[in-house]
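Let me begin by presenting the structure, written as structure tokens, before commenting on it.
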Amino acid sequence: MRTMINIKYMLLAVAVILGLATCKDAEDAISNRVFLHEASGLEVSSVFVIPDEGTKVVITPRIAQALDHDLEVEIYINKDALDAYNNRYGTSYQMMDEERYQLASTTAVIPAGKVLADPVYIALEPLIPTENKSGFIYALPLAVRSVGNVLPALESSSTFLYAAQPVPMADVPQLQKYCILQLPLSQDYEFSNWTFETLFNASAFTSTSPTYLATARGYNFTNPANEVIGAGLMLRLGDAGLAGNYVNGRIQFAAKGTGTNGLKTDVWHHIAVVSANQQITVYVDGIVDYTLTAPEKHETVRFIAQQGIRLAGENRTGTNIASSTRYRYSQVRLWSEARTLDQLKNNMYGVPENTPNLVGYWKLDSYTTGKATVNVADNDISLTGTTSGRMEIDTYFFKDYTGNNPDGFVDRNPTSNPGGLLFDADKRIEVGYKWDGTKGN
């Protein structure tokens, strides 16, 4: 499933400058310093997938001007540079495990009269299954310095990294008619800036009849007696005159918006809603789908705790979803901040569980079994079942990895859908890939 690496391409494209050149570096641009040949002149990061058989990469220590004596240099792992890179680019790259790489040597010699040392080769092993399922990119920040610091390093070009991207894999729940996923919250969350995001895959779409991708009831500041999903989060698929593979709906009580980027059948997509001071943007795969402006009285959104977030339907009927259709989800997150586009793009498949402002994080990658009490009627969305009564069901529970909120669970009707508990292992959840793991059209 992994792609092969063209080593020549990697040598040209993977090197990454870490840090900014100091004023001293600028003044001494023609003075003699130690740096890495691969790092000079490159400004952005490139990531790659390590093939099953592993691969080799190189770094080449060099100096600006030849010396009249040999210069011994040291190659080392610069963990501080990785932290600086993450802070600068909004990424969450993790240190590559020591068992995944091996340096042919940790020292090299630049001979007298020369500016380049012989290349130092680094063998890289493929990521293991748990790393592929983590969603993180694993990086190896390599740096050079002269032994004894007899010649200073050029800060802006003395460190670069190789970044190994996992094949995004996860165990995934499948939801169908009479079966939705409830993610209750521990409290009413009120935000002026917030983000909701999820990976989503649908086995089929309706022609025009609306279904629900995600909803969350919100407090109606215009009419407090009427809590509605339009005052919170309402992401629908399809509507009258709109094909069923287009996202649309109301958010934070703004007028209805309509998407422009059609979703593909059986293909994974990253869906995000970002609200920054009443300016709302819906993204599909990191591309703007539509924008909204929340009205004056809705400067904030207040999500209702017990209603929480619901996936695959506002209620168990699924609202027009066909009995054979499957909605699949992974990496559901709620933030108390407006995430930047770079943050969305760089962290689709995983973030650290203790990331600041991460309010809820349901990876949906594992479950426990148990019983839940739910409303009897499929269209009863009250909190107490007063219109239809309550019943106990067997279900799957999914934890919130932040520890802030109760476990989510599958709300299902055992009578209408006795086979409603579906969970598939080892699925490729990469954006643009199909449910069967092949590349989408």
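Coordinate-derived values only; no laboratory data. These numbers were taken from a predicted model, which means no experiment stands behind them. Cβ placement follows ideal geometry from the backbone for every residue including glycine, while neighbour counts extend to all protein chains displayed.
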Q. What length, rounded to one decimal in nm, is gained on full extension from Ser31 through to Asp342, with 0.36 nm per residue of separation minus their alpha-carbon distance?
A. 108.3 nm
Q | Among Asp239, Asp365, Asp52: highest mean-square fluctuation, GNM of the chain, C-alpha pairs under 10 Å | A | Asp52
Q. Over segment 76-117, what number does the Rg to Rh ratio reach, with both radii from the alpha-carbon atoms and Rh per Kirkwood?
A. 1.14
Q: Please list, in chain and number order, the residues 5+ apart from Gln174 or on another chain whose amide H is under 5 Å from its amide H, with Hs placed from the backbone.
A: Leu422, Phe423, Asp424
Q.
Run the paramagnetic zone check for Asn357: 7 angstrom along Cα to Cβ, then residues of segment 180-207 with backbone nitrogen under 12 Å.
A. 192-196
Q: Please find, in a Gaussian network model of the chain (springs between Cα atoms separated by less than 10 Å), the residue of Ala276, Ala104, Ala243 whose mean-square fluctuation is greatest.
A: Ala104
Q: Quote the FRET efficiency, to the nearest 0.05, computed for Tyr76 versus Asp97 with a Förster distance R0 of 22 Å and r equal to the Cβ-Cβ distance.
A: 0.85
Q. How high is the FRET efficiency between Ser382 and Asn441 when r is their beta carbon distance and R₀ equals 35 Å, given to the nearest 0.05?
A. 0.25
Q. For the residues Thr208, Thr159, Thr106, what sequence is obtained by ranking on other C-beta atoms within 10 Å, fewest first?
A. Thr106, Thr208, Thr159
Q: Using amide H atoms built 1.01 Å from N in the peptide plane, name the residues 5+ places from Val267, or on other chains, whose amide H lies under 5 Å from its own.
A: Ala202
Q | Degrees, to the nearest 10: 79-89 long Cα axis against longest axis of the chain | A | 50
**Q.** Fewest-first ranking of Tyr329, Tyr246, using other Cβ atoms within 10 Å as the exposure measure
**A.** Tyr246, Tyr329
Q: Could you name the aspartates and glutamates whose alpha carbon sits less than 18 Å from that of Lys79, not counting residues in the same chain fewer than 8 places away?
A: Asp97, Glu98, Glu99, Glu155
(Q) Please rank Trp435, Trp194, fewest neighbouring Cβ atoms within 10 Å first, as an exposure proxy. (A) Trp435, Trp194
Q.
Straight-line reach only, C-alpha to C-alpha below 28 angstrom: list the lysines that Lys399 could link to, leaving out same-chain residues fewer than 8 apart.
A. Lys133, Lys177, Lys345, Lys363, Lys371, Lys427, Lys434
Q.
Give the separation of the Cα centroids, segment 255-280 to segment 286-353, in Å.
A. 9
Q: Subtract the Cα-Cα distance of Asn86 and Thr317 from 0.36 nm times their separation in residues, and report this length gain in nm to one decimal.
A: 78.8 nm
Q | Computed FRET value (nearest 0.05) for Thr265 with Ile287, which takes r as the C-beta separation and R₀ as 25 Å | A | 0.85
**Q.** Length added when fully stretched, Ser324-Thr402, from 0.36 nm per residue minus Cα-Cα
**A.** 24.7 nm
Q. Net charge near Lys114, counting Lys/Arg +1 and Asp/Glu -1 over other residues with Cβ under 14 Å of its Cβ?
A. -3
Q | Integer Hz, Karplus 6.51/-1.76/1.60 couplings in order for segment 220-235, x for Gly and Pro | A | 8, 6, 7, 9, x, 6, 10, 7, 9, 5, x, 8, x, 9, 9, 10
Q: In whole Hz, with x marking every Gly and Pro, tabulate ³J(HN,Hα) for segment 367-372 from phi via Karplus 6.51 cos²θ - 1.76 cosθ + 1.60, θ = phi - 60°.
A: 8, 10, 9, x, 10, 10
(Q) If I build a Gaussian network model for the chain, linking alpha-carbon pairs within less than 10 angstrom, which residue out of Asp400, Asp68, Asp380 has the largest mean-square fluctuation? (A) Asp68
(Q) How large is log10 of I(q)/I(0) for segment 34-164 at q = 0.20, 0.21 Å⁻¹ when the intensity is taken from the Debye formula with one equal scatterer per alpha-carbon? (A) -1.15, -1.24
Q) All other residues with a Cβ under 11 Å from the Cβ of Asp426 taken together, and with Lys, Arg as +1 and Asp, Glu as -1, what is their net charge? A) 0
Q | Charge context of Arg339, other residues only, Cβ under 13 angstrom, K/R +1, D/E -1 | A | -1
